[in-house]
Amino acid sequence: MDKIPVSTLELICLGSSFAFSGLFYYLYRKKKATVNILKGASQLQINDQLVEFLNDTPGKCVHYAVVEGVTRPVKEVLHSHYQDKCNGVIQRLILKEHKLIWNHLARSWNESERIIHQRVNTVPFDLVSSYGGRRSVRVISPLEASGLEFDTVYERFHQAAQGLTDLIGHYLSGEKPKGFLETEEMIRVGATLTGIGELVLDSDKIVKLQPPRDGLEYFLSTLDFSSILKQQESSIRLWKVFMAVSSLAGIVVVAVVLRRMYCQFNEKTEQEEMRRKYESLRVGESGDVAGGAAGGTNETPENACVICLSNPRECVFLSCGHVCCCYDCFRALLTPSCPMCRSLIVRVVPLYQA
Ligand SMILES: [Zn+2]
Ligand SMILES: [Zn+2]
């Protein structure tokens, strides 16, 4: 069996398309399952009934529940480093380096940024009902949750100092520092959050919202429940599109390879037909020679192929018109050029001698 005509690049494309399609399909299924579970999640209010409800539930736990409330620290509070009277329950301090990097291909300077330092501080906090009331839900492991959007409370850009020698250095190294961006972000006290996760009533009668034990996604977001649902639904569509695009890339590669195989098969069949035609021609001619020549001589016949000097000349090369080769020698030519005049052979036609 013939080797399948596929290049290394095509194999890599096919492999990556297969791998990415699989990955996107996995993410799509996972997101779809999350959305289905989210749609069925119980939406509970933070009030006295919540405690009673959990008390009556087997295991004092609701597997996947939605609660909405405002943040309130349990004891201490985090103070902003830069803004007075700005308090929060989660604080993130980031220092980013901004620089320009010379792109040799595009011959231009490209923006680049890199986090060089990040620190996150948290204090234990509760969610309380925005309508008041003494009941609260303690938020456990808030940093494990997805969807948490911080409020930027401070931002300052420190420009890098640049002298003449620095400038020369930048052009030589291909890196131009722009400066450092210092930011402070917070989840403020009193911010409205929607929490989606496992709700448990512990032995001290504290209601806790924690990451679900079976790997379901834990959410803590400033968006309301319907917006979270919409966001998740749009990401299902996104994974679907990615999956379709990567599968399509794989299908295109397969189609290209199949087309090439088909062309090669056609070419081979054509050559085989040609060979058979020349063979039958040769058989006819050798019969004529045997009949016409009186006695065998070792001399090369006048119309012998200029390459093998044994078979008769049987190909007319176009467009130069030379008749100098047998079909076997023509097939053995390394380049499609006439052995007599070196001009390109565009077509070969069999020579019929009557
Ligand atoms: Zn020959
Ligand atoms: Zn020629």
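Read the figures in this text as sums done on the coordinates, not as results from a lab. For clarity, every value in this text was computed on a predicted model and none was experimentally measured. Positions of Cβ are backbone-derived with ideal geometry, glycine not excepted, and every protein chain shown enters the neighbour counts.
Using a simple charge model, +1 on the beta-carbon of Lys and Arg, -1 on the beta-carbon of Asp and Glu, nothing else, what dipole does the stretch 1-105 show about its Cα centre, in debye to the nearest 20? Before the final figure, lay out the partial values.
On the way: 13 positive and 9 negative charges, 42 e Å.
The dipole of the stretch 1-105 has a size of about 200 debye.
For Cα pairs less than 8 Å apart in space and 6+ apart in sequence, what is the mean separation divided by the residue count of the stretch 194-264, i.e. the relative contact order in percent? Please list the in-between numbers first.
On the way: 45 pairs, mean separation 15.7, N = 71.
Relative contact order for the stretch 194-264 comes out at 22 percent.
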Q. What fraction of the DSSP beta bridges in the chain is antiparallel, stated in percent and rounded to the nearest 5?
A. 90 percent
Q) With a ≥ b ≥ c the root eigenvalues of the C-alpha gyration tensor of the stretch 1-91, is it rounded (a/c under 1.5), prolate (a/b larger than b/c) or oblate? A) oblate
Q) Quick one: Karplus J couplings for the stretch 83-92, per residue in order, coefficients 6.51, -1.76, 1.60, θ = phi - 60°, nearest Hz, x for Gly and Pro? A) 10, 6, 6, 10, 10, x, 10, 10, 10, 10
Q: Helix by helix through the chain, keep the DSSP H runs that span 27 Å or more along the axis on Cα and average at least -1.0 on Kyte-Doolittle, and give those back in order.
A: 8-39, 225-292
Q: Describe numerically, in nm with one decimal, the distance between label points set 7 Å from Cα along Cα→Cβ at R276 and at K240.
A: 5.3 nm
**Q.** Net charge dipole size for the stretch 79-126 [Lys, Arg +1 and Asp, Glu -1 on Cβ; Debye, nearest 20]
**A.** 180 debye
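With viscosity set to 1.002 mPa s and temperature to 20 °C, compute the Stokes-Einstein D of the chain, Rh being the Kirkwood radius across alpha carbon pairs; µm²/s, no decimals. Provide the component values of the computation, followed by the final result.
Numbers: Rh = 28.9 Å.
Estimated diffusion coefficient is 74 µm²/s.
Tell me the Kirkwood hydrodynamic radius of the stretch 129-212 in angstroms, computed as one over the mean inverse distance between distinct C-alpha pairs.
Working: mean 1/r = 0.0575 Å⁻¹.
Over the stretch 129-212, the inverse of the mean reciprocal pair distance is 17.4 Å.
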Q. When the chain is treated as a GNM, springs tying every alpha-carbon pair under 10 Å, which of T165, T192, T57 comes out with the largest mean-square fluctuation?
A. T165
Q) Pulled fully out, how much extra length does the chain show between F18 and L148, if you take 0.36 nm times their separation in residues and subtract their Cα-Cα distance? A) 43.5 nm
**Q.** Calculated on alpha-carbon atoms, Rg and Dmax of the stretch 61-222 in Å
**A.** 21.5, 68
Q. P(r) of the stretch 1-52 in 10 Å steps, Cα pairs, percent per bin?
A. 19, 21, 19, 15, 11, 7, 5, 2
Q: Take Y25, Y262 and order them by how many other Cβ atoms sit within 10 Å, fewest up front.
A: Y262, Y25
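Run lengths n ≥ 4 of DSSP H only: what is the helix-derived mean residue ellipticity at 222 nm for the chain, with -39500 (n - 2.57) per run over all residues, to the nearest 500? Walk me through the intermediate numbers first.
Numbers: 5 runs with 125 residues, N = 354.
After summing the helix terms and dividing by residue count, I get -12500 deg cm²/dmol.
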Q | Cα-only Debye scattering, the stretch 85-154: base-10 log of I(q)/I(0) at q = 0.16, 0.24, 0.27 Å⁻¹ | A | -0.77, -1.18, -1.28
(Q) Under 5 Å between amide hydrogens, which residues at least 5 positions from V66 or on another chain qualify, with H placed 1.01 Å from N in the peptide plane? (A) S42, Q43, L44
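First obtain the Kirkwood hydrodynamic radius of the stretch 174-275 from its Cα pairs, then insert it into the Stokes-Einstein equation at 10 °C and 1.306 mPa s, and state the resulting D in µm² per second as a whole number. Numbers along the way, then the final one.
Working: Rh = 20.7 Å.
So the translational diffusion coefficient is about 77 µm²/s.
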(Q) Taking the Cα centroid of the stretch 298-352 and of the stretch 226-272, what is the distance between the two, rounded to the nearest whole Å? (A) 45 Å
Q. Given the options K277, K205, K99, which has the most mean-square fluctuation in a GNM of the chain, springs set between C-alpha atoms less than 10 angstrom apart?
A. K277
**Q.** Within a Gaussian network of the chain (alpha carbon springs, distance under 10 Å), most fluctuating of L223, L11, L344
**A.** L344
